[in-house]
Amino acid sequence: MPRTLFDKLWDAHVVVPETADAPAVLYIDLHLVHEVTSPQAFTELRQRGLPVRRTERTLATLDHSTPTLPAGANGELPYYTAEAKMQVETLRRNAAEFGVRLYDFGSGHRGVVHVIGPELGATQPGMTIVCGDSHTSTHGAFGAIAFGIGTSEVGHVLASQCLLQRKPKTMAIEVDGRLGAGVSAKDVILHIIKSIGVEGGTGHAIEYRGSAIRGLDMEGRMTLCNMSIEAGARCGMVAPDEITFDYLRGRPLAPQGADFEAAVARWRALASDDGASFDRVVRIDAADIAPTVTWGTHPGMGAAIDASVPADDDAQTVKARAYMGFEAGEALVGHPVDVVFIGSCTNGRLSDLRVAASLLRGRKVHPRVRMLVVPGSEAVKQGAEAEGLHEVFRAAGAEWREPGCSMCIAMNGDLVAPGQTSVSTSNRNFEGRQGKGARTVLASPATAAASAIAGAIADPRALRADQ
Amino acid sequence: MNPITRIQSTTLVLPQENIDTDQIIPARFLTTTERTGLGRAAFYDWRYDGEGHERADSLLNAPESRGRAILVAGRNFGCGSSREHAPWALLDYGFQAVISSEIADIFRSNALKNGLVAIVLAPDQHAELLARPGIELCIDLESMSIRDPHGWRAGFTLDAFARRCLMMGVDQLGYLLAQRAAIEAFEER
Ligand code: SF4
């Protein structure tokens, strides 16, 4: 019987099959760990006297609570709170005690967990990958089953390298045709979530398919899969192809030499069979996708940038509009902006920074706007600086920071003030996500850069036309 | 974990749809390395103003809300981040069960692992509970049903494994560790 890619990967990782009485025991190939969701799991192991079962399949880094300003004159990093510092030190201690590799400050590889997994080549096709973080779906871009777990499950994987899981349903999202100029992967996923809703994917594993998806580079595919959770899906994936293999070739943790070619031969088989059936299929025409932004307080409340804020009067819309400070029927373009944030595991990679820099080169950030550019990892930072992108951002009046989650989750002191509007390349616009009372408009790097220049929500296509 | 067979309480209703885990516990409380004492942070920005004073208009602060163990919430409860701090905070606040017509996958999984009974009801029955806040309900895991004292009844389903763990008060890690032989055999393949 023809099988989907998801079915193939699932079947290959079942240790004990699912029954009516018990979920499957599923083997996990790669476990990523960060400081926020792991302390209680290590405590559990310690209390039970358990080791980490497979340290070579476990990889840790520091990203959420870390400052994005460099160490001060005293050599101390400017942690936002003593608790944040203690959380970082706790992971250091746990990693040392349990023998887990930690990409710490100064390693050259520290960064947002979903940025460093792929760039190290740890993320590979055919794997099962988990992390105590919902945006683990990012790694599905390589043709892997990758999903977020809670802290109890972090403990399960540390101790047993397995998880108890019921098999989700499958869903194909097919995007065919050519994306218009100025339309990026971020716009594609915001358009998809707007179309299927924030619970449209609940209980499902999504496979993104179609010519527009095949045409995306790896960084675009990661942006797309990253936000699968924002549609409620368990995970999202793209079948691996030459673009995937080219990306991985030569990465430090990928197989090397002849081993790599052997791996590629195996990876080529990782695709849904012709005639494989999905529980649900959604078709989207690439030509219908415009640069898309959100106007409300969840990622499904989005609209094409040249549209206006819905005038609907249902309670949810009214509440979201009031929180965001939008009038019913107001045009999105031209709405004043106070903060622009470029970064996160959605859009904090080198290609994202290049797009933003290309629009900012020779231009200025509007005087009203505070713009923060935060590379997703130390490697992204080095890459951007080698190309001089940091100089472009600084010359335009933006702040160039150290890698981390930063304003995406606002745990480290990088905050948007109450009532301020932030155009952000991150993935969540929930109330208070970027700080209490902060108003978040989700957008692509191009839209964010154009908005920084205009001091208001702006259509990046208009800016390109001026050049 | 204590075994749970039934939960009897009046309901607290939060009718908003899509209550995400950033609302249940804002990110700034996630720097903790413990799992206890998070009840104060539950729905913090709904319960406290900018100066940290209790908001009189928050139902969650009303004296009669304390001790209500059953939360009835609008559709798609618990979406967003995978933070297990969300069920930890709800349990520490005093909730033992949450009922909605749709509950996000990761939240539901986290809740059940911690003894917070997450129940999905059919939309019409969910709507009836939303419309009648503060009623007395009894959730029975044995018969997988919810009743009020006047004869109203709704059935629900719960994953058989999660239900057994809740009713026996056992945690899932023990079960996984008992699969050691199978895991070793898999790793040999
Ligand atoms: S960048 Fe944002 S979404 Fe990504 S891991 Fe960090 S906090 Fe989570």
Write down the percent of antiparallel bridges among all DSSP beta bridges whose residues are both part of segment A:292-466, to the nearest 5. 30
Using the Karplus curve 6.51 cos²θ - 1.76 cosθ + 1.60 with θ = phi - 60°, work out ³J(HN,Hα) for each residue of segment A:247-255 in order, rounded to whole Hz, and write x for Gly and Pro. 4, 7, 4, x, 5, x, 9, 7, x
Total charge dipole magnitude, segment A:292-466, about the Cα centre, Cβ charges on Lys, Arg, Asp, Glu only, Debye to nearest 20: 300
Tell me, how many Å apart are the Cα centres for segment A:52-82 and for segment A:355-381? 23
For B:102-115, mean number of other protein chain Cβ atoms within 10 Å: 5
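Using a probe radius of 1.4 Å on heavy atoms only, what accessible surface per residue do you get for the protein assembly as shown? Whole Å² is fine.
Numbers: 22710 Å² over 656 residues.
Ligands and nucleic acids excluded, the result is 35 Å² per residue.
Of A:Lys167/A:Lys194; A:Lys186/B:Lys113; A:Lys194/B:Lys113; A:Lys381/B:Lys113, which ones are farther than 28 Å apart at the Cα? Present the calculation step by step, with values, prior to reporting the outcome.
Working: A:Lys167/A:Lys194 26 Å; A:Lys186/B:Lys113 34 Å; A:Lys194/B:Lys113 32 Å; A:Lys381/B:Lys113 39 Å.
In this structure, A:Lys186/B:Lys113; A:Lys194/B:Lys113; A:Lys381/B:Lys113 exceed 28 Å between Cα atoms.
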What is the magnitude of the charge dipole of segment B:6-188 about its Cα centre, with +1 placed on the Cβ of each Lys and Arg, -1 on the Cβ of each Asp and Glu, and no other charges, expressed in debye to the nearest 20? 380
How big is the Kirkwood radius of segment A:5-165, worked out from every pair of different alpha carbons and given in Å to one decimal? 16.4
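Could you work out how much longer the chain between B:Arg147 and B:Ala56 gets when fully extended? Use 0.36 nm per residue separation minus the Cα distance between them, nm to one decimal.
Computed gain between B:Arg147 and B:Ala56 is 29.6 nm.
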Taking N as the number of residues in chain A, what value does Rg over Cα atoms divided by 2.2 N^0.38 Å take? 0.94
Need the C-alpha centroid separation for segment B:55-81 versus segment B:14-35, integer Å. 12
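Leaving out ligands, DNA and RNA, and with a 1.4 Å probe, what % of the accessible surface on chain A is carbon or sulfur?
Details: 7720 of 15010 Å².
Reported share for carbon and sulfur atoms: 51 percent.
Quote the total accessible area buried by chains A and B together, excluding ligands, DNA and RNA, probe 1.4 Å, nearest 100 Å². Numbers along the way, then the final one.
On the way: alone 17310 and 10050 Å², together 22710 Å².
Summed over both sides, the interface buries about 4700 Å².
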Taking the alpha-carbon distance from A:Lys364 and a cut-off under 14 Å, which aspartates and glutamates remain once sequence neighbours fewer than 8 residues away in the same chain are dropped? A:Glu391, A:Glu399
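Would you tell me the mean number of C-beta atoms belonging to other protein chains that fall within 10 Å of each C-beta in A:158-170, as a whole number?
Details: counts 1, 3, 8, 4, 7, 3, 11, 1, 5, 0, 1, 0, 0.
For this peptide, the per-residue mean of nearby foreign Cβ atoms is 3.
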Ordered by number, the residues of segment A:414-441 with at least 50 Å² less accessible area in the assembly than alone (1.4 Å probe) are A:Phe430, A:Lys436
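Write out the GluC sites (Glu not before Pro) in segment B:101-189 meeting two conditions: DSSP loop, and at most 10 other Cβ atoms within 10 Å of their Cβ. Can you show the working numbers first?
Details: sites: B:Glu102, B:Glu128, B:Glu136, B:Glu142, B:Glu184, B:Glu187, B:Glu188; in loops: B:Glu102, B:Glu142.
In loop regions of segment B:101-189 (DSSP not H, G, I, E or B), the sparsely surrounded GluC sites (Glu not before Pro) are B:Glu142.
Which of the peptides B:91-101, A:329-339 is most tightly packed, and how do the rest follow, going by the mean number of other Cβ atoms within 10 Å of each residue? Write down the numbers at each step before the final one.
Working: B:91-101: 21.6, A:329-339: 18.2.
Final packing ranking: B:91-101, A:329-339.
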Shielding score for A:32-45, defined as the mean number of other chain Cβ atoms within 10 Å: 3
How do B:71-82, A:223-234 rank on mean C-beta neighbours within 10 Å, highest first? A:223-234, B:71-82
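The values are calculated or read from the model by the stated rules, or taken from the named source; none is laboratory data. Because the structure is predicted, anything quoted here is derived from the model rather than measured. Cβ sites come from the backbone with ideal geometry, for glycine too, and all protein chains shown count toward neighbours. Side chains included, ligands, DNA and RNA excluded: accessible areas come from the protein's heavy atoms. Shrake-Rupley method; radii C 1.70, N 1.55, O 1.52, S 1.80 Å.
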